[in-house]
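Here the structure is laid out as structure tokens; the discussion comes afterwards.
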Amino acid sequence: MLVVEIEKKLGDFALSVLFASESGATVLFGPSGAGKTSIINMIAGLLKPDRGRVMLDGEVLFDDAARIDVPVWRRRIGTVFQEGRLFPHLSVKANLTYGHWMGGHAADPAAFDHAVALLDIGPLLDRRPGKLSGGERQRVAFGRALLMKPRLLLLDEPLASLDAGRKQEILPYLERLRDDAKVPMIYVSHDPAEVKRIATRVVRLEGGKVTATGGVELL
């Protein structure tokens with residue numbers, strides 16, 4: 001279980017949120033500027049809260065009162081951003097195997113083959129990212145994050161840079177990732193149609209605060 005209880009002042013914007021997430025896909029839903037990406041960054045350890053705590057599976061990742069702030073590389077959290085951020089000079093296969101190394105794991109052929117099959121990226125292994133479509137690049141980014149063997153996946157609007165056709169192409173793979181990989185996901189989106197496909201739980205945000213939590217009926 002993930003428990004997030006944090007506060008952060010970002011210029012004139014004040015973020016103060018409390019929510020919990022278990023299995024499946026918890027979607028942080030709200031308009032641009034609601035604080036969704038800042039929350040993702042604080043869970044990942046890329047941005048330090050001013051106050052509060054973040055706990056994952058009973059481990060405290062951040063607690064200002066106890067002066068605990070676990071570094072990013074020790075949190076075992078996989079993150080996928082809008083652009084995928086693959087290494088352009090490496091092949092798809094090398095980008096994927098980097099996920100093992102980044103997670104501090106030895107090569108695991110079975111896990112590699114499972115991720116490749118799950119995301120249907122076998123035909124892409126020898127290509128460089130520059131030769132891939134936007135949807136293909138994101139599928140590789142999902143695979144790299146999965147091969148870190150994370151306790152949690154953070155997906156920050158991973159479809160935002162794709163056109164409608166590419167989104168429809170990749171949504172089934174996200175559903176597979178949610179259902180087959182068995183890794184809890186925090187998914188950021190402001191697209192109701194996307195949320196309805198992905199979410200098992202919705203945390204609705206506005207102006208840096210949680211306004212409601214529940215199922216997709218919140219949309």
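Any read-out appearing in this document is the output of simple, stated calculations on the displayed coordinates, not a laboratory observation. These figures come from a predicted structure and were not determined experimentally. Please note: Cβ atoms are built from the backbone with ideal geometry, for glycine as well, and neighbour counts cover all protein chains shown.
Could you work out the percent of alpha carbon pairs in the chain separated by over 31 Å, rounded to a whole number?
So the pairs more than 31 Å apart make up 18 percent of the total in the chain.
Assign unit charges at the C-beta atoms only (+1 for Lys and Arg, -1 for Asp and Glu), then state the dipole size of the chain relative to its Cα centre in Debye, rounded to the nearest 20.
Dipole about the Cα centre, nearest 20: 400 debye.
Using the structure shown, list the pairs from 36/196; 48/209; 149/196; 167/209 with a Cα-Cα distance above 23 Å, or answer none.
Over 23 Å apart, Cα to Cα: 149/196; 167/209.
Enumerate the amide H contacts of residue 68 below 5 Å, restricted to partners 5 or more residues apart or on another chain; note that Pro and chain-start residues carry no placed amide H.
63
Could you give the angle, 0 to 90 degrees to the nearest 10, between helix 134-146's Cα long axis and the longest principal axis of the Cα atoms of the chain?
Rounded to the nearest ten degrees, it is 70.
Radius of gyration and Dmax for segment 145-197's Cα atoms, expressed in Å?
Taking only Cα atoms of segment 145-197, I get Rg and Dmax of 11.2, 31 Å.
On a 0 to 90 degree scale, rounded to 10, what angle separates helix 164-180 from the longest Cα axis of the chain?
Approximately 80 degrees, to the nearest ten.
What percent does the relative contact order of segment 3-136 come to when contacts are Cα pairs within less than 8 Å and at least six residues apart?
The value is 17 percent.
How much length would be gained if the chain were fully extended between residue 110 and residue 180, taking 0.36 nm per residue of separation minus their Cα-Cα distance, in nm to one decimal?
Full extension of this stretch gives 23.7 nm more.
So which lysines can residue 131 reach, going by Cα to Cα under 16 Å and dropping same-chain residues fewer than 8 places off?
93
How charged is the neighbourhood of residue 197? Take every other residue with its Cβ under 10 Å from the Cβ of residue 197, and add Lys/Arg as +1 and Asp/Glu as -1.
0
Ranked highest first by average number of other Cβ atoms within 10 Å, how do 68-79, 130-141 line up?
Per-residue Cβ counts within 10 Å, averaged per peptide and sorted highest first, yield 130-141, 68-79.
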